[in-house]
1. In the stretch 33-63, how many are assigned to a helix (DSSP H, G or I), closer than 18 Å to Leu12 by Cβ and either aromatic (Phe, Trp, Tyr) or in contact (Cβ under 8 Å) with a residue 24 or more places away in the chain (or both)?
2. Output the residues belonging to the stretch 24-43 that are surrounded by 12 or more Cβ atoms within 10 Å (Cβ to Cβ) and of a type outside the set (Gly, Ala, Ser).
3. Taking only pairs six or more apart or across chains, which ones have beta-carbon atoms under 9 Å, a first residue in the stretch 13-32 that is without any contact (Cβ under 8 Å) to a residue 40 or more places away in the chain, and a second residue that is of a type in the set (Lys, Arg) and loosely packed, with under 13 Cβ neighbours inside 10 Å?
Amino acid sequence: MISGLTRGRGELAHTDSGWTWTVDVRDLEAAASFCMAHAMDGMRPVAPDSLKRAWNHLIERTVHEHARA
C-alpha cells in the first residue's frame, strides 16, 4: 500500500513509531488534502510547520462547513 501511495517519490524510512515519507511539495494545500484523503490509513503531516498549519486549516474549514449544514 505504501509504495502505491508514494509512487517512488521521496524517501521512506521505517521506525518503531511507523513510516515516515519525506517528499518535496510545491503546493501545501494540495499536500494537506492528500494527507487528509489518506488520514484513515494513518497519514499525518509532521513537518514542516507550514504543512501542519495547512492541515489544521483544512480541518477547521471542514468542521466549520459541516457545522453550517
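1. If we filter the stretch 33-63 for residues that are assigned to a helix (DSSP H, G or I), which is where we start, we get 33-37, 39-41, 49-63.
So of that shortlist, the ones also closer than 18 Å to Leu12 by Cβ come out as 34-35, 41, 51.
From the residues that got through so far, the ones that are either aromatic (Phe, Trp, Tyr) or in contact (Cβ under 8 Å) with a residue 24 or more places away in the chain (or both) too are 34, 41, 51.
Number satisfying all stated conditions: 3.
2. Val25, Leu28, Glu29, Phe34, Cys35, Met36, His38, Met43
3. Filtered contacts from the stretch 13-32: Trp21/Arg9; Val23/Arg9; Asp24/Arg9.
Here, each number is a calculation from the coordinates, and none is a lab measurement. If you're wondering where the values come from, they're calculated on a predicted model, not measured in any experiment. Cβ atoms come from the backbone with ideal geometry, glycine included; neighbour counts cover every protein chain shown.
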